Amino acid sequence: MKCLFLLLMLAGLILPAGCDDKRVVKIGDNAPAISINDIYGEHVSLSQLKGKVVIIYFWTNSCCGHGVKQLEPFYRRYKKAGIEILAINEMDSTKSVEAYAKDNALTFTILKDEHSILLMDYFAIGFPTIFILDKNGVIREKINGNISIEKLQTLVEKQLKIQKIMETDYEKTHPR
């Protein structure tokens, strides 16, 4: 019921915009800014994560909690390779999100989007909605709905490989 309510609320905000697609975030766009405190009160800014592949994962406990739990082993495996995960919770209380993170030993960044501002900035209209950003903060993938960890791994490895090739090419043309 909460998901339906949120979708109807978003439709009410989107429909007055008509055909103006400037609000829609597309692959190849710079990701909208994120500057917010995580559930533990630590400031998180997307601009601080430049140089890393970032996974933005919009979720709710009611429909996506299992998927969020699956991100933890993935995160531990790829953290040193230069990925970050921002799991942005919608609709659940901060207390329940904190308890969920603690109960599941989640170590990646969890944000609570109190007023659904990030949800609207990213035009995420269902759960989960997942974005993969390259190391420059450009949206390279948008996934509406569930994704297997294997598929997520493939998409992230693709971004890491592209970045490695770009760095190698840059070094070849700009020797030290």
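Please treat every number below as a calculation from the coordinates, not as lab data. Because the structure is predicted, anything quoted here is derived from the model rather than measured. Note: ideal-geometry Cβ built from the backbone for every residue, glycine included; neighbour counts use all protein chains shown.
Structure notes:
- Note on region 29-173: with charges restricted to the Cβ of Lys and Arg (+1) and Asp and Glu (-1), its dipole about the Cα centre is near 540 debye.
- Set LYS52/LYS102; LYS26/LYS95; LYS102/LYS164; LYS102/LYS161; LYS26/LYS102 screened for pairs whose C-alpha atoms are more than 31 Å apart: LYS26/LYS95; LYS102/LYS164; LYS102/LYS161; LYS26/LYS102
- Among beta bridges that DSSP assigns inside region 29-173, antiparallel share in %, nearest 5: 60 percent
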